[in-house]
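Student: To start, I am sharing the structure in question, which I have written as structure tokens.
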Amino acid sequence: MNKNFGTLLNCMDGRTQLPAINWIRNNFNVEYVDIISEPGIDKLIYLKNKDFLKSIENKLFISLKKHNSDIIFIAGHYDCAANDANKSEHIKHIKASVKILKKLHDDVKIIGLWIDENFEVEVCCEDSTL
Ligand SMILES: [Zn+2]
């Protein structure tokens, strides 16, 4: 039985959850998607607030060390109430987030996702290409 976990850092926006989970399960060897959720999380990581990064580290520890996830997805999305930026700004935030997360978790694959106006998921960037 496939019990692989993956880790998703996603906005709290309810429109984004099922598209992101389904896309990850369909495209990667992941059965269970652990979700760490905050409004506008791509911008929060981009801003590198120490308290915020510490709070997600505690959650990442459980997903990566207890559930043995070896992949982290960080998503930004269209029409985000908490990060009212255009797509190119979001992409900037997502790319920066991938780099920041990679510095903290060098042994884990990190993939940035963009969720568009149709709530379809596309790869924005990967740690290996930044
Ligand atoms: Zn949002």
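The values are calculated or read from the model by the stated rules, or taken from the named source; none is laboratory data. Everything quoted here is computed from the prediction, not taken from an experiment. Cβ atoms come from the backbone with ideal geometry, glycine included; neighbour counts cover every protein chain shown. The protein model used for the area step is the full one, side chains on, heavy atoms only, and it has no ligands, DNA or RNA in it. Shrake-Rupley method; radii C 1.70, N 1.55, O 1.52, S 1.80 Å.
Student: Quick check on the chain: helices-only [θ] at 222 nm, where DSSP H runs of length 4 and up contribute -39,500 (n - 2.57) each and the sum goes over total residues. Nearest 500, please.
Tutor: Computed mean residue ellipticity for the chain: -12000 deg cm²/dmol.
Student: Please report, as a whole percent, how much of the solvent-accessible surface of the chain comes from carbon and sulfur atoms (probe radius 1.4 Å).
Tutor: 49
Student: If you roll a 1.4 Å probe over the heavy atoms of the protein chains, what accessible area per residue do you get for the chain, in Å²?
Tutor: I get 54 Å² per residue for the chain.
Student: Residue 59 to residue 104: extension gain in nm, 0.36 nm per residue of separation minus the Cα-Cα distance?
Tutor: Gain in length upon complete extension: 14.9 nm.
Student: Identify the trypsin sites (Lys or Arg not before Pro) of segment 15-78 meeting these criteria: DSSP loop state and at most 14 other C-beta atoms within 10 Å of the C-beta.
Tutor: Sparse-neighbourhood loop trypsin sites (Lys or Arg not before Pro): 48.
Student: Where in segment 42-125 are there GluC sites (Glu not before Pro) that are in a DSSP coil and have at most 15 other Cβ atoms within 10 angstrom of their Cβ?
Tutor: 117, 120
Student: Could you run the Karplus curve 6.51 cos²θ - 1.76 cosθ + 1.60 with θ = phi - 60° over segment 11-21 and give me ³J(HN,Hα) per residue in whole Hz, x for Gly and Pro?
Tutor: Coupling constants for segment 11-21: 4, 6, 3, x, 6, 9, 5, 5, x, 5, 4 Hz.
Student: Follow-up. Could I have the simple spin-label model distance between residue 82 and residue 129, label points 7 Å from Cα toward Cβ, reported in nm to one decimal?
Tutor: Roughly 2.7 nm, to one decimal.
Student: Could you work out how far apart the two model spin labels at residue 49 and residue 28 are, taking each label as a point 7 Å from the Cα in the direction of the beta carbon, and quote it in nm?
Tutor: 2.5
Student: Name the residue farthest towards the positive end of the dipole of segment 5-129 from the options 112, 101, 35, assuming +1 on Cβ of Lys and Arg, -1 on Cβ of Asp and Glu, about the Cα centre.
Tutor: Farthest towards the positive end: 101.
Student: Based only on the alpha carbon positions, what is the Kirkwood hydrodynamic radius of the chain, in angstrom?
Tutor: Its Kirkwood hydrodynamic radius stands at 14.3 Å.
Student: Can you run phi through the Karplus equation (6.51, -1.76, 1.60; θ = phi - 60°) for segment 100-114 and list ³J(HN,Hα) in whole Hz, with x for Gly and Pro?
Tutor: Once rounded to whole Hz, the list reads 5, 5, 5, 4, 7, 9, 5, 8, 10, 6, 10, 10, x, 10, 10.
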